[in-house]
Number of protein chains: 2
Amino acid sequence: MGKMISEIKEQPAALERLLKGERRNIAGIADRIRKLDPAFLSLAARGSSDNAATFGKYLIECENGLTCSLAAPSVHTVYKKKIDMRRGVVIGVSQSGEGDDINETLRLARASGAYTVGITNTPGSAMAAVADDVILLRAGVEKGLAATKTYTCQLMAMMMLSASLAGDRALLAALDGVPDAVNETLAVESRVREITERYRYMERCVIIGRGFNYATVKEAALKLMETSYVVAQPFSTADFMHGPIAMTGAGFPAFVCAPSGRMAAPIRKLCGELRDKQLETVIASSNPATLKLASKAIRMPVDCGELVSPILYIVPFQFFANFLSVARGLDPDNPRFLKKVTKTL
Amino acid sequence: MGKMISEIKEQPAALERLLKGERRNIAGIADRIRKLDPAFLSLAARGSSDNAATFGKYLIECENGLTCSLAAPSVHTVYKKKIDMRRGVVIGVSQSGEGDDINETLRLARASGAYTVGITNTPGSAMAAVADDVILLRAGVEKGLAATKTYTCQLMAMMMLSASLAGDRALLAALDGVPDAVNETLAVESRVREITERYRYMERCVIIGRGFNYATVKEAALKLMETSYVVAQPFSTADFMHGPIAMTGAGFPAFVCAPSGRMAAPIRKLCGELRDKQLETVIASSNPATLKLASKAIRMPVDCGELVSPILYIVPFQFFANFLSVARGLDPDNPRFLKKVTKTL
């Protein structure tokens, strides 16, 4: 079995380890943040970790009522500017913990007086040394080039931190059910495998979601670009309707992430419009009415609420990227031009 | 002459009106922000205005040393969450001033205690009523569906505000030279027209820039998607090398925005790598060594510094989107599926 496919399936166990191993540490970090009463939080990341940070921004704003900024690391590392972050908390996210620009952002934030936290999978990494406190992902070594289990563990770590900070016991309890829910979701594998061949010659597509799942479509697009060389462009429904919809038309492939929750109605409306315009749609949802609008439906077997849904909804896209890569005669574990730890120019 | 092409050429006059008409008003707004000593700024926008806001984020962080967040309007309008913004300043950006979600974000920010500013082209708009203070773009009515002169005026308004806030007289003086510089830049029209036909059947491309010009490539991609139906995906050089480069290869079209300044060296290095991998590259630059690496070079006639460069570097892409649309038998003023004022679902 390939590394990527094997690590997709390791996700329930990895999430379980994280939940058990970091609860106490994360509660302590949340306490420290609460006492600081920061004016804002800032997340610094690149690649898949940046997609996880996109989720973190929605989560922190919605769940904690705090403005959350996504840092532009080049402000620090290329333009060498100092930002006053005394009144903020800065969280770096990196699977390897060796992204120089993220670590430099943390170092400068700490020097300006901010409390800093690192979220990484690598205990002895540079990030673990530079941040005030560290959350360990405990995903186990990730050998696949395309991040899978570290991505979902990053989402989980942010949910644990956000729920602890909000004192949201209902969410903390709900998180305990996530590893089992991901395990059930792995059952989409056969359906995804079945529909993949149809997209053997797809050269471009859009992937659409919104709110908490804007992160999911960004990450899904990145997996497709990395492993299958499709120009896959992610959009929030709002941005998509503001202009890019003009480039689509009959037969144009659109992948839609349609979980239950507040975004369900506007996304179902969008799916109807895409059908009227005769686009080719692949829709992941647990809602039968939404699935009926699809060219190819992927029925999600579990519905555990919109906030937690990004952990479940990335799974069909991880499978899809893996199988499409194989269908194209490529190796998802060895994309051309890439290395596991990317140094930013 | 079409509306889009005519409005591209109106940009020097529009920028001149804005510089003269809003200097005093903007200085007053900057004074008010300075006295508030905010912990952060937040920008709320959609579409082209959101691309201008992307520039604003870099500008405010680099020039003013303040953390700047890009608001996710759906946090307020769909999830109905309250964010504590007392210690921040919130700036809405909308050409029409009628984006419901942006106005709702401003209203809630103001209710939570934040000072709010609207940047709009429409004096009697809902935005002008909801914000504490307003900056008027003075671009004149924009009839083209694809925003051009309102976009560059938004960049200029943000530079005027940022320079006033920083008390940066050198930058304020430099801004006075920008309308003439844009006027000189309009001379790229003939070169852009000359190379456009080559891309008649291009279905997908990437557009790469970084730092202040990450906004430029986002906006360039949006113009191409709207008017020419190309799947044009914008990337910062850093993100591009982190994964998406895998999907390229010989003949893959990459457009590169390569102004002088701190990003010039890493971007020239990237251009060399793209050439080694035999991509098709269209490079806009004033640097002869960088232009030599291009499949098709667009020599920028003026170099007025990296910070101001986004106003100049969007111009060749505006021309390109317009001419490519025409070459494809489309009408850049009437993209399918779009209306000028987009209501967010």
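Need one number: buried accessible surface between chains A and B, 1.4 Å probe, both sides summed, DNA, RNA and ligands left out, in Å² to 100.
6300
For the stretch B:182-327, what is the relative contact order in percent, using Cα pairs closer than 8 Å and at least 6 residues apart in sequence?
32
Can you tell me the FRET efficiency between A:ALA129 and B:SER112 if r is taken as the Cβ-Cβ distance and R0 is 41 Å, rounded to the nearest 0.05?
The pair A:ALA129/B:SER112 has a calculated efficiency of 0.60.
Using a 7 Å offset from the Cα along the Cα-to-Cβ direction at both B:ASN183 and A:ASP303, what is the distance between the two label points in nm, to one decimal?
A separation of 6.2 nm, rounded to one decimal place.
Over the stretch B:3-176, give the accessible area per residue in Å² for a 1.4 Å probe, as an integer.
32
Is there a simple number for the mean count of other chain Cβ atoms within 10 Å of the Cβ of residues in B:84-94, and what is it?
Averaged over the peptide's residues, the number is 2.
Once the piece of chain linking A:ALA250 and A:ASP31 is laid out straight, how much longer is it, given 0.36 nm per residue of separation minus the C-alpha distance between them?
Full extension from A:ALA250 to A:ASP31 adds 73.5 nm.
Can you tell me the accessible area per residue over the stretch A:182-327, all protein chains present, probe 1.4 angstrom, in square angstrom?
About 30 Å² of surface per residue is accessible.
Heavy atoms of the protein only, probe of 1.4 Å, neighbouring chains included. What is the accessible area of A:PHE320 in Å², nearest 10?
So the heavy atoms of A:PHE320 present about 10 Å² to solvent.
Could you pull the copy-to-copy label distances for B:GLY305, with points set 7 Å along Cα to Cβ, in nm to one decimal and sorted shortest first?
5.1
What shape does the stretch A:1-89 take by its C-alpha gyration tensor, where a ≥ b ≥ c are the square roots of the eigenvalues and a/c under 1.5 counts as rounded, a/b above b/c as prolate, and the rest as oblate?
In terms of gyration-tensor shape, oblate.
Can you list the residues of the stretch A:181-220 whose accessible area drops by at least 40 Å² going from the chain on its own to the full set of protein chains, with a 1.4 Å probe?
Checking the loss per residue gives A:GLU203, A:ARG204, A:ARG210.
Principal axes first, then extents: for the Cα atoms of the protein assembly as shown, list largest minus smallest coordinate on each axis, whole Å, largest first.
Per principal axis, max minus min of the Cα coordinates gives 62, 54, 47 Å.
Which helices of chain A meet both criteria: a Cα extent of 15 Å or more along the helical axis and a mean Kyte-Doolittle score no lower than 0.5, with helices taken as whole DSSP H segments?
TM-like helix candidates: A:149-166, A:309-327.
Bin width 20 Å, origin at 0, all Cα-Cα pairs of chain A: what percent of pairs per bin?
Pair shares across the bins are 32, 58, 9.
Relative contact order for chain B using alpha-carbon pairs under 8 Å, separation at least 6, rounded to a whole percent?
The normalised contact order for chain B reaches 19 percent.
When the helix-only estimate is applied to the protein assembly as shown (DSSP H runs of n ≥ 4, each -39,500 (n - 2.57), divided by the residue count), what is the mean residue ellipticity at 222 nm, nearest 500 deg cm²/dmol?
The per-residue figure over the protein assembly as shown is -15000 deg cm²/dmol.
Using mean Cβ contacts within 10 Å as the protection proxy, how do B:108-117, B:162-171, B:213-222, A:142-151 order, highest first?
Packing order, densest peptide first, comes out as B:213-222, A:142-151, B:108-117, B:162-171.
Counting only the backbone N, which residues of the stretch A:301-319 are under 16 Å from the spot 7 Å out from the Cα of A:ARG193 toward its beta-carbon?
A:316-319
With viscosity set to 1.002 mPa s and temperature to 20 °C, compute the Stokes-Einstein D of the stretch B:3-176, Rh being the Kirkwood radius across alpha carbon pairs; µm²/s, no decimals.
This corresponds to a translational diffusion coefficient of 135 µm²/s.
Run the accessible area of the stretch B:182-327 with a 1.4 Å probe and give the carbon-and-sulfur part as a rounded percent.
47
Shielding of A:257-266 by partners, i.e. mean partner chain Cβ atoms within 10 Å per residue?
Across the residues of A:257-266, the mean count of other-chain Cβ atoms within 10 Å is 2.
Using DSSP to call loops (not H, G, I, E or B), can you name the GluC sites (Glu not before Pro) in the stretch A:265-345 whose Cβ has at most 15 other Cβ atoms within 10 angstrom?
Passing both the DSSP loop test and the Cβ count: no residue.
Shielding of B:270-277 by partners, i.e. mean partner chain Cβ atoms within 10 Å per residue?
Per residue, the average neighbour count from other chains is 1.
The values are calculated or read from the model by the stated rules, or taken from the named source; none is laboratory data. None of these values were measured; they are calculated from a predicted model. Please note: Cβ atoms are built from the backbone with ideal geometry, for glycine as well, and neighbour counts cover all protein chains shown. Just the protein is used for accessible areas: all its heavy atoms, side chains included, with ligands, DNA and RNA removed. Shrake-Rupley method; radii C 1.70, N 1.55, O 1.52, S 1.80 Å.
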